[in-house]
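The next block holds one structure in the form of structure tokens; read it before the comments.
Values quoted throughout were computed directly from the atomic coordinates according to the rules given, and no laboratory measurement underlies them. All values derive from a computational prediction rather than experimental measurement. Here Cβ is always computed from backbone atoms with ideal geometry, including for glycine, and neighbour counts include all displayed protein chains.
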């Protein structure tokens with residue numbers, strides 16, 4: 001079981017993913033934006049961050065880098081095609097594009113959570 005911070009601005013998607021992750025046995029903390037996510041990271045022990053590509057305010061790539069600087073594995077969910085022309089510093093950490101199968105989500109979670 002992982003302690004997951006799920007940052008997703010769309011309430012319906014956030015609750016849906018949180019329910020699936022909880023059904024998979026994870027403890028899930030949810031937030032709607034980067035400010036809430038940053039506050040949660042400062043006040044709670046989190047194993048993995050799952051974040052939407054479009055996370056306001058700011059951009060997910062910088063939020064992901066902030067998480068990485070704290071040593072927290074992070075991956076990004078997106079319903080949009082990621083632009084390959086962006087520089088490496090603008091790209092988010094591990095990316096899983098929607099729609100995806102839930103066993104793919106669990107596989108990515110396991111891989112990210114197990115990194116040293």
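Which of 43, 30 comes first, and how do the rest follow, when ranked by fewest Cβ neighbours within 10 Å?
Going from sparsest to densest Cβ surroundings: 43, 30.
If you stretched the chain out fully between residue 39 and residue 101, how much longer would it get, using 0.36 nm times the residue separation minus the C-alpha to C-alpha distance?
Contour length minus Cα-Cα distance gives 19.3 nm.
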